[in-house]
Structure formats: C-alpha cells, structure tokens
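Taken together, the values in this text are just the output of simple stated rules run on the coordinates, not laboratory data. None of these values were measured; they are calculated from a predicted model. Here the Cβ positions follow ideal geometry from the backbone for every residue, glycine too, while neighbour counts run over all protein chains shown.
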Protein chains: 2
Amino acid sequence: MAKVSMRDVASRAGVSVGTVSHVVNGSSKVSEATMLKVNDAIEELGFVRNAAARQLRSGRSSSLGLVVLDASNPFFASVAHGALEACDVAGLSLLLGDSGTDEARESKYLDLFAEQRVNGLLVTPSGADLSKLESIASKGTPVMLVDRAPGDFALSSVTVDNVAGGRMALDHLIAGGSSAPIFVGGPLSLPQVADRYAGARDRAREAGIELPLFESSEMTILAGRDVGERIVSLPEAQRPDAVFCANDLLAVGVMQAVIMFTELRIPDDLAIIGYDDIDYALSTIVPLTSVRQPAGLLGRTAVETLLAENESSATAHCDQMFTPELVIRESTRPV
Amino acid sequence: MAKVSMRDVASRAGVSVGTVSHVVNGSSKVSEATMLKVNDAIEELGFVRNAAARQLRSGRSSSLGLVVLDASNPFFASVAHGALEACDVAGLSLLLGDSGTDEARESKYLDLFAEQRVNGLLVTPSGADLSKLESIASKGTPVMLVDRAPGDFALSSVTVDNVAGGRMALDHLIAGGSSAPIFVGGPLSLPQVADRYAGARDRAREAGIELPLFESSEMTILAGRDVGERIVSLPEAQRPDAVFCANDLLAVGVMQAVIMFTELRIPDDLAIIGYDDIDYALSTIVPLTSVRQPAGLLGRTAVETLLAENESSATAHCDQMFTPELVIRESTRPV
DNA sequence: TTGTAAGCGTTATCAT
DNA sequence: ATGATAACGCTTACAA
C-alpha cells in the first residue's frame, strides 16, 4: 500500500508507463479516454509521484534552500515567509537552514543542500569569506545573497541599503537636536551592522560630531539590555542623548535597561531609534522609531530573481537594492 | 564539472563504485589505502553525493516536513527554530510550509511533501478534519501534530495544555480582583483558542462570573487593535476590568487601542494578560503578563519524538503535553 | 577486502 | 497517440 509506482498505475490502466508519465505531467497529447483510465487508476491506487526518481532522471530538482542567521528572529521569519510565498507560486519546496551566525553550521547546510541538488540557494552569509558560495554558484547552482551585498565576490544579491538607512537614522536624530548620539550593534563583522554604522557615522561627521560605537556580541534583546546597562552606568558627562541601534531587538533591550535602571525620559533625555521596524516596534514601552526594511519583499524578490536568472541562464550577476524607510514614533524627538 | 558521479570517482581511484559507496557511507570495512585513494579522488573531482539517487535506491529519505499556520508569527518561528536544532543533530533537512491557516494550502504542502517522500511530517493543522493526516500516517509516514491535540484521530501530538493555560490566566486575573473579565481570540475554530477559552471560562464560572467572548478574525496585532477599539467604545457599565487574550499579538493590539484611545490605566482600570510569552511581551508599553509556552522545545520535541517513533516503528500513538507557565508582569494586578 | 550487478521510479528517445 | 526501453546515480546482496 505504501509504494505505488507508475508501473502499477500503468498495468492497472492497461497502458504503458510512458503514457502514465505523460498524463501525470501533461507533457504530451493523450486521448481523452486513456487519460480518464489513467486518472482512475491513479485515484484507485493512490499513486503519488516520486520526486527523487523524477529528479534523478530529469536532472531538475524542485526545491530551494534558504539559510538565515536566526530563524527565530522576526526579520528572518518574515524573509522566510516572503520566500515561501514565491516558492508557492512556482511550485517549489523550501529547505530551511539556520546558521546561528556560525560559519561552520552555514557550511554544513550548504553541503546538505548541495546533496539535495537544490535549484538555488538563498543565503545570508555569516562570515566575510564568500568564496564557498562563489564556487557553488560557478558550479551551476544559482546563489542569491539575502540582506548582504556580494562585495568583490561574483554573486547576485537582494539587499536593503544599509548605508542609506544608517544615514537616515542619524539625519533624524540630528534634526531632533541630538548632539551626542551613539551607535549600538554588533558584531561589526556583520556587513549589515558595519554599513549602518558607516552611513550613520558619515552623517554625524557632516554635522561635526562623533558617533561612538558600543559594540554588542549579538543582535538580541538580551544583548541590547547588556549594552543598555553599560550606557546607563556612564558618568553623566559622557552620557549620550540618543542611541541608534542596529536592529529593533537591540533597541528594545536598551529601552528596557533605561527604564528599569534610570529615571531618564525617552525621548527627552535619551532618544532611541531602531532598525527593521518589526511589528512589535509599534508596541514597545515607548513606541519605537525605526528604519523599516521590507523583509517579506526581500525574501519574495530573492526567490523571484533567482528563478528568473535560472530561466534566462544569465551569467551576469544582479544586485537589487531596496531603500529603507524611516518610521517616526515616540522614542525620538519630533523634528 | 557540474556532475561528478560515483562512477567518476571510482574510475579515478581505480576501484569499483561499490567500494566508493562504502567509503562514502562507512558502511563496510575498507582498507586504509583504498580509503585514502577514494577520498583523494572525491576531493580532486569535487564529488557530492546525490540525495535523490540514494533516496531512490535505499527507500529512505533524509528530510522532514514542517507545516505551520504562519511562518512570520514568532511562536511558529521559534517552533521552526527548535525543530531545526533537532534535525541538525539527526542530519536531516527540514522542508518548511506555511498554510496561512488555510486548509487548501495546507493540503498542497502535504501533497508536495508526500512527493518528496519526507521521513515525517510535523503539522499544525488549520482545520478540524484531520482525516487526510490520519490517512497519511496510516500509509506509513509518521505524522506529529504540533500544538494541536489529535482529538478522535489516530495521530501523535506534542502540545501545551491550553485548557490549563486558560485556567491559569483566569486564576490570576480573579486573584487580582477582577470581577468582569472578557476573552479575546479567534477564530474559535482553532482548538488552541477554543481550549484556552474553555479553561478560562470554567475557572470564571467557579468564581460565579461570566467570561464574555470577543471573537477576533485572526491572531495578529492588527486584529487585536480592532477588538480593542470595540472594547474601549463600550458603555462604561459594560466595560470589562480585565482582558485575557488568546495570544500576545492580540494582547499587544488591545493594549495599543487602550492606550491610544482612552485614559484607562493598565492594570488598574483594565488588566491585560496574553498567551505565548513571546520575547517582546517583556517590552510592551506596559510589560505584558503572559502564559508562557515552550515554543522551541515544542519543535525540538516534535522532531525527536517523530524520529523515536520512526525508529521503533511503534504503532501506538503518543501524546506529549507540556504545561504552560504563568509569567507575571505589570499588565495585571499583583495578587 | 573488493568487485559485480540488479534494480529503485522516473523521463525521454525512439519506434510503431 | 501510445509503447518499449535505456538511462539517471546510487545501495546492497552476493560473489570472488
């Protein structure tokens, strides 16, 4: 009962396996009558196509691999959600991997997905060295960088302009009167973080001010709380008047520390701005101003572009960059 | 360069394909010398096992399918994260599906995964009729219900006790002095919601009070805000003194409405309690009291149990139920 | 310890 | 329009 093959269907319907294949795939003209017979047999026997066999024979697979930095991070959850939507319309399966920002685990997933002969790879790399991905791509598996620019590597990408986003954040802070902002984020080895910092620092310098870096080990609420505690324990003279966090989770953590351990008012004594604009940003203790990234769109576009490149078998690499959008709420001073 | 098979490796190493297979899988004793030769050949040729071929031949697949209600919901993101961890140690791939609480889409994923001959299915069903899953299970593919009890269906499950959770919530509200609580959640066709409501209502009745139902169409922040607006526009005499929300997202939405449109103080005028205890519950405008569910553990346990059942080829079904835990914060009155 | 060979369930190329 | 048949790359007895 478990294993019904095309052969079984064929003999049941009194036709050849080739004909069954044609019916199943609509690949060739089959008379109305035989089609009916075959479909009946399929129904009665409960036949289900074997993806492994068809992939083996045809050489084409029907799945994509997605490797994110942290599946439980709402930003990446949204990316996955968007990717899934696009896979859905293309009839593809999505294999999910979670590297935990660990290059070794990322590499393990890449190997695993290579064995599955995925049709394409969507990955947010953990490290700076993209040569493994490059080599995979050059061997014929399309690779799309998600939320990460290729740098010198010959890879396609879908990103959001992090430099512009960082600039936006500082622009807003400065317009609100900040003269002593700081940046919270890390590790700085993540280009997303480095770029946001770079954009922000440039804008700060244009205003003639520095942007001290408070590096965090991760991009989580807890890590944010740790940095927050460092900030609030600073001597008053050194205390910033605004904090730009590399993501909303950090911002939430900083906000928690500020509220739990100080009497500082947000935004009057300390403005806070985050990044991503996750759904909860609206609902934080003080509603969070944030730089919005179109996470779902990122995932969807990554898949669509991958598929399009696949189709046209284009050799040229394509970089798509979205522009983030500032969403102003109460955690920063109005301009 | 793209396609290197065992045959290529075999001829390169001057051995037979069988031997290569043994080296690759460690399935049989191979002399040190040949092993070295083979591994060299693999390295030089860049050979990668073909999962489709090995699955076809061996009959075993190396992937699991997970179908959740909403991949971008942090609860399910955490479930996926946990499932991924367990898959990782078992060397399995995870196929992700997102039904959007739509039975047709769920069914599509089930079919897709059936074609892939997944080793097992983890699913949070969208509808009441689990017969399709039951039939899949009876055909030999292990199925684990995640966050959903099997009811009369012959299926294994990993759940969190929703009735107990609902009771806990009301227990706490009543202990805090509430005499006019309401329940917000929906659709009620979701057993998770119905059970939480049932547990809560029972507890309310024991205290001699009713628990009016404010049904929501979804379990999102936006839906919560809608219900919240309904609540705050109630004539004062009918206004509840406490709101139990079927998940934290709804609670956050209700809280937003209350704060935006009224002067009501939380928890003094209106207590709010949520469900799930997502990371952000700690960081809401008023930190949210919530009934915590071990989401990651749920996913991990689901995979582990599935694998264990698979191994022992047990026919008996197994229901594992975790007990949720009340996490008290400022959105409710202390007892 | 190693080689041989028969499939696994398809698809695709020929014929018919 | 349909049938026969050879692969696809691998695992696994069994033979040597």
Quiz prompt | Residues whose placed amide H lies under 5 Å from that of B:Ala242, excluding near-sequence neighbours | solution = B:Ala180, B:Ile182, B:Ala271
Quiz prompt | Cα pair distances of the stretch B:214-259 binned at 5 Å [whole percent] | solution = 6, 27, 36, 21, 9, 2
Quiz item: D for the stretch A:121-216, whole µm²/s, Stokes-Einstein with Kirkwood Rh over alpha-carbon pairs at 10 °C and 1.306 mPa s: what number?
Solution: 109
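Using the Kirkwood radius built from alpha carbon pairs, what does the Stokes-Einstein equation give as D for the protein assembly as shown at 20 °C and 1.002 mPa s, in µm² per second?
On the way: Rh = 27.1 Å.
For these conditions, the coefficient is 79 µm²/s.
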Quiz item: Per-residue HN-Hα couplings for the stretch B:293-308, Karplus 6.51 cos²θ - 1.76 cosθ + 1.60 at θ = phi - 60°, whole Hz, x for Gly and Pro?
Solution: 10, x, 4, x, 4, 4, x, 5, 5, 4, 5, 4, 5, 4, 5, 5
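Can you tell me the FRET efficiency between B:Arg7 and A:Asp8 if r is taken as the Cβ-Cβ distance and R0 is 22 Å, rounded to the nearest 0.05? Don't skip to the end; give the middle numbers.
On the way: r = 30 Å, r/R0 = 1.36.
Efficiency, from the Cβ-Cβ distance: 0.15.
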Quiz item: Taking H as built 1.01 Å from N, whose amide H comes closer than 5 Å to the amide H of B:Gly186, not counting residues under 5 places away?
Solution: B:Ser216
Exercise. Given a cut-off of 31 Å, name the pairs among A:Lys29/B:Lys139; A:Lys108/B:Lys3; A:Lys3/B:Lys37; B:Lys3/B:Lys29 whose C-alpha atoms lie farther apart than that in the structure shown.
Key: A:Lys29/B:Lys139; A:Lys3/B:Lys37
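At 10 °C and a viscosity of 1.306 mPa s, what translational diffusion coefficient does Stokes-Einstein give for the stretch A:46-179, taking Rh as the Kirkwood radius over Cα pairs? Give it in µm²/s as a whole number.
Details: Rh = 16.5 Å.
The calculation lands on 96 µm²/s.
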Practice problem: Quote the convex hull volume per residue of chain B, based on C-alpha atoms, as a whole number of Å³. | Solution: 158
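For chain A, what's the relative contact order in percent, using C-alpha pairs closer than 8 Å and at least 6 residues apart? If you can, show how the numbers build up before the last one.
Details: 645 pairs, mean separation 55.7, N = 335.
With pairs under 8 Å counted, the relative contact order is 17 percent.
Quick one: Cα convex hull volume of the stretch B:162-293, Å³ per residue?
Value for the stretch B:162-293: 88 Å³ per residue.
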Quiz item: Can you list, shortest first in nanometers, how far B:Asp319 lies from the same residue in the other copies, with each label 7 Å from Cα toward Cβ?
Solution: 5.7
Quiz item: Using the per-residue mean of other Cβ atoms lying within 10 Å as a proxy for protection, in what order, highest first, do the peptides A:139-152, B:115-128 fall?
Solution: B:115-128, A:139-152
Self-check item: Label-to-label distance, nm, for residues given as A:Glu236 and A:Glu215 (7 Å Cα→Cβ offset)
Solution: 3.2
Self-check item: GNM top mover of B:Ser93, B:Ser31, B:Ser107 - chain B, alpha-carbon springs below 10 Å
Solution: B:Ser31
Quiz item: Where the eigenvalues come from the Cα gyration tensor of the stretch B:6-49, what are the semi-axes √(5λ) of the equivalent ellipsoid, largest first, in whole Å?
Solution: 14, 10, 9
Practice problem: Convert each backbone phi in the stretch B:204-209 into a coupling constant with the Karplus relation 6.51 cos²θ - 1.76 cosθ + 1.60 (shift: θ = phi - 60°), then list the ³J(HN,Hα) values in order as whole Hz, x for Gly and Pro. | Solution: 4, 4, 4, 8, x, 10
Quiz item: So what J values fall out for the stretch B:7-16 if you push phi through Karplus, 6.51 cos²θ - 1.76 cosθ + 1.60 with θ = phi - 60°, rounded to Hz, Gly and Pro as x?
Solution: 4, 4, 4, 4, 5, 4, 8, x, 10, 8
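Would you tell me the mean number of C-beta atoms belonging to other protein chains that fall within 10 Å of each C-beta in A:247-254, as a whole number?
Mean inter-chain Cβ contacts per residue within 10 Å come to 2.
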Exercise. Run through the other copies and list how far each one's label point is from that of B:Asp129, in nm with one decimal, shortest first; the point sits 7 Å from Cα along Cα-Cβ.
Key: 5.5
Practice problem: Would you grab the residues whose amide H sits under 5 Å from the one on A:Leu66? Only those 5+ places off in sequence or on another chain, please, with H modelled 1.01 Å from N. | Solution: A:Leu95, A:Leu96, A:Gly97, A:Leu122
Quiz prompt | For chain B, calculated [θ]222 nm from helices alone, where every DSSP H run of n ≥ 4 adds -39500 (n - 2.57) | solution = -14000 deg cm²/dmol
Quiz item: Stretch B:Glu43-B:Glu263 to full length: gain in nm at 0.36 nm per residue minus the Cα-Cα span?
Solution: 72.2 nm
